[in-house]
1. Count, please, the residues in the stretch 101-159 that happen to be outside any helix (DSSP H, G or I) and at pLDDT 85 or above.
2. Looking at Ala82, Ala124, can you tell me which residue is surrounded by 15 or more Cβ atoms within 10 Å (Cβ to Cβ) and closer than 19 Å to Gly216 by Cα?
3. Is there any pair with a first residue in the stretch 218-247 that is closer than 13 Å to Val106 by Cβ and a second that is modelled with pLDDT of 75 or more and of a type in the set (Lys, Arg) whose Cβ atoms are under 7 Å apart and which are 6 or more apart or on different chains, and what are they?
4. Kindly list the number of the only condition in (1) part of a loop (DSSP other than H, G, I, E, B); (2) touching a residue at least 60 places away in the same chain (Cβ under 8 Å) that fails for Thr259.
5. Going by the conditions given, is Ser268 hydroxyl-bearing (Ser, Thr, Tyr), over 20 Å from the mean Cα position of the chain (by Cα), part of a helix (DSSP H, G or I) and at pLDDT below 75?
6. Every residue in the stretch 100-110 that is crowded, with 22+ Cβ neighbours inside 10 Å and among the small types (Gly, Ala, Ser), please.
7. Applying the selection to the stretch 49-77, what residues are of a type in the set (S, T, N, Q) and buried (at least 17 other Cβ atoms within 10 Å of the Cβ)?
8. Kindly provide the set of residues from the stretch 150-192 that are in contact with a Phe, Trp or Tyr (Cβ under 8 Å, 6 or more places away or on another chain) and more than 18 Å from Gly119 (Cα to Cα), ordered by number.
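The values are calculated or read from the model by the stated rules, or taken from the named source; none is laboratory data. Values in this document were obtained by computation on a predicted structure and should not be read as measured data. Because the Cβ atoms are built from the backbone with ideal geometry, glycine has one as well, and the counts that use them run over all protein chains shown.
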Amino acid sequence: MLQYFWWGSVFLLTLPLAVVAFAMAVKLVPSHVNETTEAVDNLGGVLSVLLVGSLVLAINFAPVPNKTTLVLVLGGIALATAVGFYVRQKRAANPLYDLHVASRRVFWVAALAGIIVFGSLMAAMFVGQQFLQNVLGYSTLDAGLAILPAAILMVLVAPRSAKLVEARGARFTLLCGYVFCLLGFLVMLLLWRDGIAYWKVGLGYALIGAGVGLAGTPASHSLTGSVPVRRAGMASGTADLQRDLGGAIMQSILGALLTAGYAAAAASAIAASNKHITDSVQSELTKSFAGA
């Protein structure tokens, strides 16, 4: 009964907001804004989805036992779709991704920089949650609150990043962001141990947040500044891609490393034990910390 009351209250609160939003959209949002009649590169879009999906899945399955064939198949699909996407963008009259613009050093370096920086933030949060909950024993709420230093430092540092770009340039600001991200990962590597005090956890997240706050602005600034006006949409899309693709790939990479490292450590502990452990139990123990 309480559950129905809760959802009913949520519905009654959100319904008026939805009606207001609908009315404002009808009244204020124009039906046509600089629309074009050029053909959309749907084939390029399909190839890009297959490329990213197969690549992320291949990374995720790489540390899983007995999945070598699947990983090779997914890697082959990623390689084939990458080649197909390149050929398609070269030949399409209105390409989804202008490779001539993307080949500019300022553009692709900034794109990769954003992928690494934003991916590092998301990957650190993903792996950090496993550590906080499974090793330190934090509750779900406490583990979520533990990452607040990253958000706070991002908010505080980001405005200063824009001023630093104007004063010292995008390259200097971007490198400063990388340094802070590196320091954050070093804190995690050297200080994060079983039973540590929270300040060591918060310090690692704070440094990562400061690094992303510093590096995010020059990465986006370099992207938009390196394209002609007609390709502003491509730069904007790439800025969004930095977060989504960076998060997916970096989480997959660090997650795969975590899985492989845990499996190796668990297997060594089982081998050193003098107790008889069945194959099914060994498989469960080495699959994941939560499963164990």
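1. Within the stretch 101-159, the first condition is being outside any helix (DSSP H, G or I), and the residues that meet it are 103-104, 136-139, 147.
Subsequent filtering for residues that are at pLDDT 85 or above retains 136-139, 147.
Total meeting the criteria: 5.
2. Details: Ala82 fails: closer than 19 Å to Gly216 by Cα.
After ruling out the rest, the residue left standing is Ala124.
3. Ser226/Arg104
4. Among (1) part of a loop (DSSP other than H, G, I, E, B); (2) touching a residue at least 60 places away in the same chain (Cβ under 8 Å), the lone unmet condition for Thr259 is (1).
5. Details: hydroxyl-bearing (Ser, Thr, Tyr): yes; over 20 Å from the mean Cα position of the chain (by Cα): yes; part of a helix (DSSP H, G or I): yes; at pLDDT below 75: no.
When the stated conditions are applied, Ser268 does not pass them.
6. Going through the stretch 100-110, the residues crowded, with 22+ Cβ neighbours inside 10 Å turn out to be 107, 110.
Within the stretch 100-110, Ala110 is the sole residue that qualifies.
7. We begin by selecting, within the stretch 49-77, every residue of a type in the set (S, T, N, Q); these are 54, 60, 66, 68-69.
Scanning the stretch 49-77 gives Ser54, Asn60.
8. The answer is Leu164, Trp192.
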